[in-house]
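Heads up, the thing below is written out as structure tokens.
The values are calculated or read from the model by the stated rules, or taken from the named source; none is laboratory data. Note that the structure is predicted; figures quoted are calculated from it, not measured. Because the Cβ atoms are built from the backbone with ideal geometry, glycine has one as well, and the counts that use them run over all protein chains shown. Heads up: the accessible areas ignore ligands, DNA and RNA and are worked out on the full protein's heavy atoms, side chains in. Shrake-Rupley method; radii C 1.70, N 1.55, O 1.52, S 1.80 Å.
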Amino acid sequence: MSDRYLVRNPRAAWRVYDAEAVVLSPDDSVLHTLNPAATIAWLAADGGTSWVELVSRVAGAFDVPAPRI
């Protein structure tokens, strides 16, 4: 599982406001508002952050054990 990586759509327009990302989907022009956990995942979806590292970041941000994520 550690060799899996998420990658953001490079055509998506996005910004982070108060720990929540807003993402405009380029294919259907839908605006998505991400909660803080999803924002951490969005920011980590850089193609170089492993799935294990992403889970670790979310767990650390919310002070929960990684297996609960």
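Numbers for the structure displayed
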quantity: Label point distance in nm, Ala37-Ala66, each placed 7 Å from Cα along Cα→Cβ; calculated: 1.7 nm
quantity: Percent accessible area from carbon and sulfur atoms, the chain, protein chains only, probe 1.4 Å; calculated: 54 percent
quantity: Solvent-accessible area per residue, Å², over the chain with all protein chains present [probe radius 1.4 Å]; calculated: 70 Å²
quantity: Whole-number D in µm²/s for the chain (Stokes-Einstein; Kirkwood sum over Cα pairs; 10 °C, 1.306 mPa s); calculated: 125 µm²/s
quantity: Contour excess over end-to-end distance, with Cα ends at Leu24 and Asp3 and 0.36 nm allotted per residue; calculated: 4.8 nm
quantity: Computed [θ] at 222 nm, deg cm²/dmol, the chain (DSSP H ≥ 4; -39,500 (n - 2.57); rounded to nearest 500); calculated: -9000 deg cm²/dmol
quantity: Rel. contact order, % - alpha carbon contacts under 8 angstrom, at least six apart, the chain; calculated: 33 percent
